[in-house]
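This report refers to the structure that appears directly beneath it.
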Amino acid sequence: MKHEREARLNGILGELAALYGRMNDAGADGILEWLRDDSAVFIGGAGRSGLLLRCFAMRLMHMGKRVHLLGDTLTPAAGRGDVLLIGSGSGETESLVAAMRKADRLGLRKAILTTRPDSTMAGLADIVVTLPAPTPKAAGQEGSVPSGQPMGNLFEQGMFLFLDALVMELMDTEWIDSDTMFTRHANLE
């Protein structure tokens with residue numbers, strides 16, 4: 001059992017390495033620039049992608065950023081110059097397409113992490129970061145890294161780790177360490 005699990009973990013790590021080798025992250029520096037200014041950041045995703053994006057939002061909050069989750073009852077109004085970051089494997093999730101269109105009308109800066117650079121949301125975004133992973137809603141995408149994992153796992157894992165790397169870059173450039181971030185950690189536990 002342990003040997004099989006170890007083989008699966010090594011397989012996942014190999015898939016992630018292949019994904020990052022083919023990833024188009026040319027927009028990452030632009031996203032970092034947006035996150036460095038004082039604009040509000042709105043984060044959106046559905047399903048597992050949305051759950052993983054919540055982790056990213058939490059780290060931004062730990063860094064002292066003004067960050068909000070789409071659809072949350074406490075999310076304030078967005079305004080010109082704010083940032084919308086969406087993670088969507090297919091780039092076609094209807095509620096997120098609608099949010100991207102609304103953000104466009106409001107003058108937000110828009111970025112998407114997706115498997116589909118030809119998707120509706122990618123066409124609306126100012127920055128597109130492409131993670132070439134297979135997902136059920138974007139089956140047969142040319143150039144995708146083959147995966148033995150179920151559904152959109154490789155995309156979701158790749159997005160999660162990519163966003164963690166962005167957080168670490170922000171920590172370096174803004175001189176923020178873990179101890180400082182921990183002062184903003186929840187304390188009503």
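The values are calculated or read from the model by the stated rules, or taken from the named source; none is laboratory data. Note that this is a predicted model, so its numbers are computed, not measured. Here Cβ is always computed from backbone atoms with ideal geometry, including for glycine, and neighbour counts include all displayed protein chains. Heavy atoms of the whole protein, side chains included, go into the accessibility calculation; ligands, DNA and RNA do not. Shrake-Rupley method; radii C 1.70, N 1.55, O 1.52, S 1.80 Å.
For Lys65, which lysines qualify as cross-link partners when the Cα separation must be under 27 Å and same-chain residues fewer than eight apart are set aside?
Lys102, Lys110
How long are the three semi-axes of the equivalent ellipsoid for segment 13-134, computed from the Cα gyration tensor as the root of 5 times each eigenvalue, in whole Å, largest first? Intermediate values should be presented prior to the final figure.
Values: eigenvalues 96, 52, 40 Å².
Ellipsoid semi-axes (Å, largest first): 22, 16, 14.
Please work out the Cα center distance from segment 91-105 to segment 120-189, rounded to the nearest Å.
Measuring centre to centre over Cα atoms gives 19 Å.
May I ask for log10 I(q)/I(0) of segment 61-189 at q = 0.12, 0.13 Å⁻¹, from a Debye sum over the Cα atoms as equal point scatterers with solvent left out?
-0.56, -0.65
Using helices alone, what [θ] at 222 nm do you get for the chain, with -39,500 (n - 2.57) per DSSP H run of 4 or more residues, divided over all residues and rounded to the nearest 500?
Numbers: 7 runs with 90 residues, N = 189.
Result for the chain: -15000 deg cm²/dmol, rounded to the nearest 500.
Tell me, what is the per residue accessible area of the chain in Å², probe radius 1.4 Å?
On the way: 10270 Å² over 189 residues.
Roughly 54 Å² per residue, with all protein chains present.
Name the residue farthest towards the positive end of the dipole of segment 53-189 from the options Leu60, Ala98, Thr120, assuming +1 on Cβ of Lys and Arg, -1 on Cβ of Asp and Glu, about the Cα centre.
Of the options given, the answer is Ala98.
Considering only protein heavy atoms and a 1.4 Å probe, what is the carbon-and-sulfur percentage of the accessible area of the chain? Before the final figure, lay out the partial values.
Details: 5660 of 10270 Å².
Of the solvent-accessible surface of the chain, carbon and sulfur hold 55 percent.
Starting from the 7 Å offset along Cα-to-Cβ, what nm value, one decimal, do you get for the label separation of Asp118 and Arg80?
For Asp118 paired with Arg80, the spin-label model returns 3.6 nm.
All other residues with a Cβ under 12 Å from the Cβ of Glu92 taken together, and with Lys, Arg as +1 and Asp, Glu as -1, what is their net charge?
Numbers: positive: Arg116, Lys137; negative: Glu94, Asp118.
Its environment carries a net charge of 0.
At q = 0.14, 0.15, 0.19, 0.26 Å⁻¹, work out log10 I(q)/I(0) for segment 38-94 with the Debye formula, treating every Cα as an identical point scatterer and leaving solvent out; two decimals please.
The computed values of log10 I(q)/I(0) come out as -0.36, -0.41, -0.65, -1.12.
Extension gain Leu188-Arg66, at 0.36 nm per residue separation less the Cα-Cα distance, in nm?
On the way: separation 122, 0.36 × 122 = 43.92 nm, distance 2.02 nm.
Full extension of this stretch gives 41.9 nm more.
Could you give the nm distance between label points at Arg36 and Met181, where each point is 7 Å from its Cα heading toward the beta carbon?
Calculated label separation equals 1.8 nm.
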